[in-house]
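Notes follow the structure.
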Amino acid sequence: MVAQAVLAGSGAGPWPRFEEDVLAMHRRLTGVRDRHGRWQVPWPRMFGTPPWAVARELGGSVHRYRQAEVLAALPTPVPVFLGTRWLPRHVVLVLDERDGEPLVYNPALGAVVPLSSSRWKRRWWAVLPR
């Protein structure tokens, strides 16, 4: 989400406060305030940001991953949730394609790489623009 904000022009890069920005974004997307105005986070940070929160923030909708739909949404960046066969564990941002292969910004690497290079092989969801 922080990378999406920078790409949309609403953030500053390079990110001297990347970790702080990511945690603040997670709190903003998944948190609620208690009656004293303190943030209460019902969604554990260890599970990352849920796809419905990303969709709400971007004005998109959550869909099962289908490569043709993701590529059709370009040039709008598309968040894609990856993981194991039991659990989504990582989010990448599809930015482009080369010969039908999605090219993604992978925050774990800090680079744009082919989607197939991710160690997370199961593609769970995509947040597509409306």
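The values are calculated or read from the model by the stated rules, or taken from the named source; none is laboratory data. Everything quoted here is computed from the prediction, not taken from an experiment. Quick reminder, even Gly has a Cβ in these numbers, built from the backbone with ideal geometry, and neighbours come from all protein chains shown.
Of all the residues that make up the range 44-67, how many are in a strand (DSSP E or B) and crowded, with 16+ Cβ neighbours inside 10 Å?
The qualifying residues number 3.
Tell me whether the range 84-91 contains one or more residues that are surrounded by 14 or more Cβ atoms within 10 Å (Cβ to Cβ), at pLDDT below 95 and among the aliphatic types (A, V, I, L, M).
Within the range 84-91, one or more residues are surrounded by 14 or more Cβ atoms within 10 Å (Cβ to Cβ), at pLDDT below 95 and among the aliphatic types (A, V, I, L, M).
When the range 17-43 is examined, which residues are found to be surrounded by 11 or more Cβ atoms within 10 Å (Cβ to Cβ), at pLDDT 70 or above and part of a loop (DSSP other than H, G, I, E, B)?
Arg17
Go through (1) crowded, with 21+ Cβ neighbours inside 10 Å; (2) part of a strand (DSSP E or B); (3) of a type in the set (A, V, I, L, M, F, W, C) for Val70 and report which single condition fails.
So Val70 meets the others, but not (2).
Here is a list: Pro14, Pro75, Pro51. Which entry is at pLDDT below 90 and more than 15 Å from Arg130 (Cβ to Cβ)?
That would be Pro14, the only listed residue that is at pLDDT below 90 and more than 15 Å from Arg130 (Cβ to Cβ).
So, in the range 101-111, of the ones that are of a type outside the set (D, E, K, R) and modelled with pLDDT of 95 or more, which residue ends up farthest from Val22 (Cα to Cα)?
My answer is Pro102.
Restricting the search to the range 71-126, which residues are closer than 20 Å to Ser61 by Cβ and of a type in the set (Phe, Trp, Tyr)?
Listed by number, the residues that qualify are Phe81, Trp124, Trp125.
Across the range 98-120, what is the total count of residues that are under 18 Å from Glu69 (Cα atoms) and assigned to a loop (DSSP other than H, G, I, E, B)?
Residues flagged as under 18 Å from Glu69 (Cα atoms) and assigned to a loop (DSSP other than H, G, I, E, B) within the range 98-120 amount to 2.
So, Leu95, is that one in a strand (DSSP E or B), out of contact with any Asp or Glu (no Cβ under 8 Å at 6 or more places or on another chain) and either among the β-branched types (Val, Ile, Thr) or more than 19 Å from Thr30 (Cβ to Cβ) (or both) or not?
Yes.
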